[in-house]
Amino acid sequence: SRVAAAGATRAASSSADGDGATRSASSVANDDYVALADEALDTILEKADELSDERDDVETELSSGVLTLKIAGAGTWVINKQVPNRQLWLSSPVSGPCRYEHVDGTWTHTRDGSSLAELLERELGLIM
């Protein structure tokens with residue numbers, strides 16, 4: 001079951017600051033990134049909670065932009081936001097460290113082009 005969902009709040013900001021010229025293009029892109037990353041973490045947490053409801057050996061937690069999924073006897077998967085790089089980073093006991101960037105609507109591995117959803121299905125059985 002879900003241990004905690006603290007930190008799962010979304011950053012909602014507006015560029016309505018008078019003339020609108022004080023926000024840089026990168027900060028707007030970062031706002032988009034944060035919304036996309038939060039949405040991805042929330043979706044993964046929801047699927048992981050479903051797995052946890054089915055199995056007693058699964059524990060999930062989302063706190064401060066870090067999602068942890070522990071499976072007794074199998075290991076711990078950690079997915080976290082990397083705001084400066086606009087990436088999601090995954091640490092997996094099966095595939096090791098992976099970095100994902102949001103490309104054409106999909107979180108895509110920076111080295112082999114595979115998707116985060118594919119990895120989560122293959123390693124954890126999470127259907128995104």
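Taking 0.36 nm per residue of separation and subtracting the Cα-Cα distance, full extension of the segment from residue 78 to residue 55 would add 6.4 nm. Classification of segment 37-128 by its C-alpha gyration tensor yields a prolate form. The axis ratio a/c (a ≥ b ≥ c) is 1.5 or more, and a/b outweighs b/c.
Based on alpha-carbon centroids, what's the gap between segment 110-126 and segment 55-93 in Å, whole number please? Result: 13 Å between the Cα centres.
Between residue 31 and residue 121, the distance separating the two model label sites (each 7 Å from Cα on the Cα→Cβ line) works out to 3.4 nm.
We did not get these values from a lab; they are worked out from the coordinates using the rules stated. None of these values were measured; they are calculated from a predicted model. Here Cβ is always computed from backbone atoms with ideal geometry, including for glycine, and neighbour counts include all displayed protein chains.
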